[in-house]
1. Quick check: the angle from helix 100-127's long axis to the longest principal axis of the chain, C-alpha only, nearest 10 degrees?
2. From the phi of every residue in the stretch 15-22, what ³J(HN,Hα) in whole Hz does the Karplus formula 6.51 cos²θ - 1.76 cosθ + 1.60 yield, where θ is phi - 60° and glycine or proline is x?
3. P(r) for the chain, please, calculated from all Cα pair distances in 10 Å bins and given in %.
4. How do the peptides 92-105, 119-132 rank, highest first, by the average count of neighbouring beta carbon atoms within 10 Å per residue?
Amino acid sequence: MNKTVLGLDKSKTDNLVVSLNDLLANFQVYYQNVRGVHWNIKGKNFFQLHLKFEELYTDAQIKVDLIAERILTLHGAPIHTFDEYSKMAKVPVGKNISKDEEAVALVVNSLSVLLSIERTILELSSEADDEGTNSMMSDFIAEQEKTLWMLNAWLG
């Protein structure tokens, strides 16, 4: 078996890098969506949602960096162009969304896509004995599940 410097199976690590780049692309679109609704939100829930969306995009920015650094740790190359992001991403793109329920629904839908990708990566990282990626995905999943619960509660 061909091992990486981390002691992981090279072919399994290569597959993880592909999946992590997929997550990176989707996180970048999610990040931009949340920035957009943060900027454009209007109505009676403006103050509440404006702050919440800022919290979410700040968190997404940190996660984007963590994902890219994990790819580098696994000796991969993180994708980094908008062209690559838009071709790979499955997260719905939100454009000119200013209504509160539509904005929250976009975030909910986006997080659902991210969770699906993260669960796939969690399976792959478990099979590869990659505790670093496994731990990161577990943390992301736990946080996003709680956020989804709260946003769905807000939607009623």
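Every read-out reported here was derived from the displayed coordinates using simple, explicitly stated rules and does not represent laboratory data. Quick caveat: nothing in here was measured; it's all calculated off a predicted structure. Cβ atoms come from the backbone with ideal geometry, glycine included; neighbour counts cover every protein chain shown.
1. 10
2. Once rounded to whole Hz, the list reads 5, 5, 4, 4, 5, 5, 5, 4.
3. 11, 40, 30, 14, 4, 1
4. Numbers: 92-105: 15.9, 119-132: 17.4.
The most tightly packed comes first, giving 119-132, 92-105.
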